[in-house]
Every structure is written in structure tokens, then in C-alpha cells.
Amino acid sequence: MTQTTPIALIGGTGAVGRAIARVLTEQRRSYRMIGRSGRSLQKSFSGDPYAEVRTWSADASSARAALEGVESAIYLVGVPYDRFELHPVLMRATLEAAVAAGVRRMLLIGTVYSYGLARTHTVDETHPREPRAFNARMRKEQEDIFLAAHGHGIETVGLRVPDLYGPGMEKSYLTAQFANAPHGKRSMLIGPVDVRHEWAFVPDCASIAVRVLDDARTYGAFWNYGGPGEITQRQISDKIYAACDRRPNYFVVNKTMLQLFGIFNAEMRRFAEMNYLMSHPIVLNDDRLRRVLGELPKTSYDEGVRLTLAPTARDPN
């Protein structure tokens with residue numbers, strides 16, 4: 001396999017990373033998938049002629065070895081919801097390793113967490129970053145470390161995306177609905193569920209990520225990429241059940257219930273702290289990105305639900 005300008009997907013074994021891998025394969029571009037489990041990597045990607053796999057243990061030494069010979073990288077490392085203090089630590093270690101390995105460019109796919117409460121109906125990149133909970137502060141610190149590295153042996157660019165859904169998405173506010181609706185089973189929703197929100201379709205995000213990575217005009221900044229429009233959690237959940245010819249069937253867990261669960265479960269405690277993004281969601285304005293890249297893919301919610309439920313949507317990797 002010839003590899004002239006290899007791209008590494010760091011921690012890319014989740015739904016977004018696999019979708020990016022499919023984009024690169026469709027473009028006949030070589031890439032390196034970096035993850036923790038060699039057996040899992042071989043099982044998922046050994047059949048792709050454009051893929052190679054490397055393992056790492058998320059420290060600077062193993063990251064440097066995994067990144068040797070790489071020109072560009074996309075950072076997709078996730079951590080448990082009650083271990084967000086690891087985000088800045090892992091980012092520092094990865095940047096140190098990337099610079100030492102000679103990586104020239106890196107893209108971070110981030111979240112809306114650092115913005116805090118919206119001051120405007122939609123949020124663009126000029127909006128103040130005022131995180132209101134521990135996990136949000138850790139995401140902001142991660143972003144700060146990442147952007148501060150730009151021009152110091154590496155070029156960096158960030159892409160902020162809203163909540164995601166799509167084929168192979170295992171951790172989403174909509175995961176239960178997609179799993180339960182075909183069987184008419186009951187799903188848990190985290191409320192409030194009648195407040196405007198937005199979701200982005202994973203394959204759309206993958207396409208945009210590759211375009212941002214490839215465009216030199218984007219580096220040195222963060223960019224927003226939003227969904228196809230505003231929708232409530234109840235509305236999109238209804239669409240999922242309706243697409244399965246089922247009646248909506250769910251119960252709603254509110255902040256108070258999350259706080260009660262959080263007495264015994266650290267992840268639930270952090271979910272309760274972040275619940276302000278459900279009651280006061282961030283809806284992203286991506287006009288700035290559109291002016292640079294041109295038209296952006298925006299799969300409609302109806303089509304995205306259909307594609308996620310389709311038998312062919314089962315992740316082939």
C-alpha cells in the first residue's frame with residue numbers, strides 16, 4: 001500500500017472516526033487508524049486496502065510511535081463522562097507526540113460545551129466561551145491547549161459540532177430510540193424534551209471534517225458546523241418511532257432525577273451538571289464555515305432517521 005500523505009485518526013474507532021474512514025476510502029486515500037485494542041482494530045479495518053492500524057496507550061511515548069510518518073491527524077479521543085479531567089492531559093501528551101513525530105497538521109473535533117449559555121438565538125464563533133460545569137471547563141481547557149499549539153511545530157484547527165446521530169452511533173441522546181423503536185419498546189429521554197435543539201448526521205460531519213482538514217484557510221481557528229435546523233427531542237424521537245410504524249413510547253428523566261441518580265453514580269452526576277444544555281441548548285451558526293467551504297451537507301432529519309434505521313446502515317467495519 002502506497003502512502004504519500006497519510007492521515008491518522010487518533011482514537012477514531014467510534015462512529016465519527018469510522019465515518020471519516022469511509023470518506024477517505026471512497027476518496028482512495030490512505031489512512032492510519034490508531035486505537036487501544038490491536039485485535040479490535042484488525043477485525044474492523046483489516047479488510048480496507050487503504051487502512052493500516054497502530055495501537056497506543058494514550059501517553060506521549062506510544063503516541064509518538066503511532067504517529068511516526070504521519071502528515072495530518074484527526075483527534076477523536078473520547079473519555080468516560082466522569083473522567084473529563086483527562087481531556088487536557090491527553091491533549092498535551094498527543095500534541096507533544098505529534099510535534100516530535102513531525103505531524104504537520106491536526107484537526108480536533110469538539111463540542112459546544114465551551115460556549116456555556118447562549119447569549120444569542122444561534123451561536124457563532126465570536127460568542128464568549130463561558131462553560132458552567134466541570135466537564136465543560138475541561139473541554140474549554142482542551143481547546144485552549146490545542147489552539148495555543150498552532151504555529152509551534154504544528155498547525156491546528158478545530159471543528160465544533162452539536163449532538164450527533166447516525167449509523168453506528170453508540171452514545172447519543174437518540175441511541176435508545178433507534179434501538180427500541182423497531183421493537184416498540186420504551187425509551188428513556190433526558191428532559192426537557194420540548195425545547196428547540198439540533199442534531200447533526202454523522203456522515204455529514206465526517207465529510208466536513210475531511211474538507212476542513214484539507215483546506216489551509218481554516219487553520220489556526222475553531223469553526224462551527226451545525227445541523228439541518230431546529231427540532232425538539234420529542235419531535236425527532238417521534239420521527240424515529242413513526243419511521244418504524246410504531247407509536248411513541250418513552251419516559252422522561254428530568255434534572256432532579258439525574259441528581260438523585262448522581263448520588264450513587266458519578267456519570268449521572270456529571271449529566272445533571274450539564275443538563276443546562278438541554279434546557280438552554282446551543283444552536284450553532286456555521287455561516288463562517290460556509291463562506292470558506294461553500295455549500296455544506298445537511299441531511300434532513302427525516303432522511304437521516306431513515307438512513308440510520310435502514311438495514312444497510314449497519315456499520316460494515
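The values are calculated or read from the model by the stated rules, or taken from the named source; none is laboratory data. Please read these numbers as outputs of a predicted model, since none were measured by experiment. All Cβ positions, glycine included, derive from the backbone under ideal geometry; neighbour counts span all protein chains shown. Please note that ligands, DNA and RNA were not included when accessible areas were found on the heavy atoms of the full protein model with its side chains. Shrake-Rupley method; radii C 1.70, N 1.55, O 1.52, S 1.80 Å.
A few remarks follow.
- Tally of residues being over 16 Å from Y173 (Cβ atoms) and of a type in the set (D, E) across segment 234-250: 1
- Matching residues, segment 83-117, being of a type outside the set (A, V, I, L, M, F, W, C), open to solvent by 50 Å² or more (accessible area, probe 1.4 Å) and assigned to a loop (DSSP other than H, G, I, E, B): R83, E85, R104
- Of the candidates Q235, Q259, the single residue that is touching a Phe, Trp or Tyr at 6+ places or on another chain (Cβ under 9 Å), over 30 Å from H150 (Cβ atoms) and either open to solvent by 10 Å² or more (accessible area, probe 1.4 Å) or part of a loop (DSSP other than H, G, I, E, B) (or both) is Q235.
- Exactly one residue among A181, A209 is touching a Lys or Arg at 6+ places or on another chain (Cβ under 7 Å), assigned to a helix (DSSP H, G or I) and open to solvent by less than 10 Å² (accessible area, probe 1.4 Å), and that residue is A181.
- Filtered residue count, segment 14-58, keeping only those that are acidic (D, E) and without any contact (Cβ under 8 Å) to a residue 12 or more places away in the chain: 1
- Among residues of segment 128-143 that are farther than 22 Å from N285 by Cα, those with a Cβ under 6 angstrom from a residue that is basic (K, R), sequence gap 6+ or separate chain, pair up as N135/R270.
- Within segment 139-176, the set of residues being under 12 Å from the mean Cα position of the chain (by Cα) and open to solvent by less than 40 Å² (accessible area, probe 1.4 Å) comprises G158, L159, R160, V161, P162, L164, Y165, G166, S172.
- Test: residue in segment 215-229 that is assigned to a loop (DSSP other than H, G, I, E, B), aromatic (F, W, Y) and open to solvent by less than 10 Å² (accessible area, probe 1.4 Å): yes
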